[in-house]
1. Could you list, in sequence order, all residues of segment 25-60 that are assigned to a helix (DSSP H, G or I) and of a type in the set (G, A, S)?
Amino acid sequence: MKESTKPILTQTVTELAKEWAVAPRTIQRVITKMTQAGKTVGKQLGPTYPIILYDADVQAIEQWRKKHP
């Protein structure tokens, strides 16, 4: 029997901001607040690289924004 696997979806802060029709800085602020609260969100190879968000990160950001308008 063949297992079906979902592809891992990734996007950058800029791509997510375009999708949600908000400024990239809005997403970055949410990520900063989540990080300050002890939550790990996204991956970044270094300060000059974009933050890569996985589907789970996007869901976590969306939930955070709903709880902290």
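1. A56, A60
Quick grid of which residues meet (1) at pLDDT 95 or above; (2) over 9 Å from the mean Cα position of the chain (by Cα); (3) open to solvent by 70 Å² or more (accessible area, probe 1.4 Å):
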{"residue": "K2", "(1), (2), (3)": "no, yes, yes"}
{"residue": "I8", "(1), (2), (3)": "no, yes, yes"}
{"residue": "K18", "(1), (2), (3)": "yes, yes, yes"}
{"residue": "A23", "(1), (2), (3)": "yes, yes, no"}
{"residue": "G38", "(1), (2), (3)": "yes, yes, no"}
{"residue": "L45", "(1), (2), (3)": "no, yes, yes"}
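The values are calculated or read from the model by the stated rules, or taken from the named source; none is laboratory data. Keep in mind that this is a model prediction, so the values were computed, not measured. Just the protein is used for accessible areas: all its heavy atoms, side chains included, with ligands, DNA and RNA removed. Shrake-Rupley method; radii C 1.70, N 1.55, O 1.52, S 1.80 Å.
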